[in-house]
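The values are calculated or read from the model by the stated rules, or taken from the named source; none is laboratory data. The structure presented is a predicted model; accordingly, all values stated were derived computationally and were not measured. Positions of Cβ are backbone-derived with ideal geometry, glycine not excepted, and every protein chain shown enters the neighbour counts.
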Amino acid sequence: MIRAIDLTKRFDKNIAVDHVTLTVYPGEILGFLGTNGAGKSTTVKMLTGMLQPTEGTAEVAGYDVLRSPMEVKRRIGYIPETGAMYENLTPAEYLDFVASLYHIDPAVAESRFNDLLDLFGILHARDQRISEFSKGMKQKVLISSALIHRPDVLFLDEPLNGLDANAAMIMKELLKKLAAQGKTIFFSSHILEVVERVCTRIIIIDRGQQIISGTARSIIEDTDSASLEDAFSRITGVRDTEEVTADFLAALERV
């Protein structure tokens, strides 16, 4: 489970996250939405112990993020928006290294990472250097590293970045099955169609503040919108895409 109360982060005079309170229960896939700069990644970094909150408290998997950061890290899997890896290693070497951090028996680790690499269709490349991989292949290794220790809680920040259509479908189905097993999943993404299909509940934040929470259907109905995309635009004040593109094309014709 994930619980945050009045979670706040200030950078000098700028408030990136402003008293966000939320709970994500086992078996839930929470979609966490917002425009660029709304505070999504900052929230994730506080919940995973990468950033210290200015105010508020957070618990993950039953442990206080500030008081027991190592206990939290043992129980979470984290896929960052932009993940750095030791690219001179092979996937087998890198995943074996990650597994060793969690004190997983080497034989068990190899079995798990072979299964994960096979799931994402790159088992044949397990002994190639990661530096030779495409962006999508690197993302598959990164996802595998977040899953190898079978975490209770998953934090996903744009996890589908770079994935091909087949891998993205596998990832979405995997998330549903993990939630069915009782895992707690925090899913941050700009891809509203995926969020609408995969997530059991959605929170939308804007300028660091939580604006609305509910299922995709309830948010659409509460905002009198035709779709989640339309609701998101209304909530965050984004200009209508048809209007924006029409204005842009009109401006080009005047030049």
Legend entry - Which listed residue is of a type in the set (S, T, N, Q) and farther than 18 Å from residue 24 by Cβ, from 189, 213, 218, 225: 225
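Can you pull out the residues in segment 131-161 that are surrounded by fewer than 16 Cβ atoms within 10 Å (Cβ to Cβ) and more than 16 Å from residue 101 (Cα to Cα)? I'd like the intermediate steps shown before the answer.
Here is the first cut: in segment 131-161, the ones surrounded by fewer than 16 Cβ atoms within 10 Å (Cβ to Cβ) are 131-132, 134-135, 150.
Answer for segment 131-161, where residues must be surrounded by fewer than 16 Cβ atoms within 10 Å (Cβ to Cβ) and more than 16 Å from residue 101 (Cα to Cα): 131, 132, 134, 135.
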Inset, instruction - Answer yes or no: is there a residue in segment 195-206 that is under 25 Å from residue 81 (Cα atoms), of a type in the set (D, E, K, R) and out of contact with any strand residue (DSSP E or B) (no Cβ under 9 Å at 6 or more places or on another chain). - result: yes
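Would you tally the residues in segment 36-74 being in contact with a Pro (Cβ under 7 Å, 6 or more places away or on another chain) and at pLDDT 95 or above?
So the first thing to find is which residues in segment 36-74 are in contact with a Pro (Cβ under 7 Å, 6 or more places away or on another chain), and the list is 46, 49.
Now drop any that are not at pLDDT 95 or above, which leaves 46.
Within segment 36-74, residues that are in contact with a Pro (Cβ under 7 Å, 6 or more places away or on another chain) and at pLDDT 95 or above number 1.
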Legend entry - Some residue of segment 77-95 being in contact with a His (Cβ under 9 Å, 6 or more places away or on another chain) and not aliphatic (A, V, I, L, M): yes
Inset, instruction - Scan the strands (runs of 3 or more DSSP E) fully inside segment 3-98 and keep the ones with 1 or more residues being surrounded by fewer than 19 Cβ atoms within 10 Å (Cβ to Cβ). - result: 14-24, 55-60
Inset, instruction - All but one of (1) buried (at least 17 other Cβ atoms within 10 Å of the Cβ); (2) over 30 Å from residue 99 (Cβ atoms) hold for residue 224, so report the exception by its number. - result: (1)
Inset, instruction - Check 202, 148 and return the single one that is free of Cβ contacts under 8 Å to residues at least 60 places away in the same chain and either under 17 Å from the mean Cα position of the chain (by Cα) or in the same structural domain as residue 80 (by TED's automatic domain parsing) (or both). - result: 148
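If you check 162, 182, which single one turns out to be at positive phi and in contact with a helix residue (DSSP H, G or I) (Cβ under 7 Å, 6 or more places away or on another chain)? Before the answer, list the steps.
On the way: 182 fails: in contact with a helix residue (DSSP H, G or I) (Cβ under 7 Å, 6 or more places away or on another chain).
After applying the criteria, what remains is 162.
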Inset, instruction - Give the residues of segment 49-63 that are polar (S, T, N, Q) and in contact with a strand residue (DSSP E or B) (Cβ under 7 Å, 6 or more places away or on another chain), sorted by residue number. - result: 54, 57
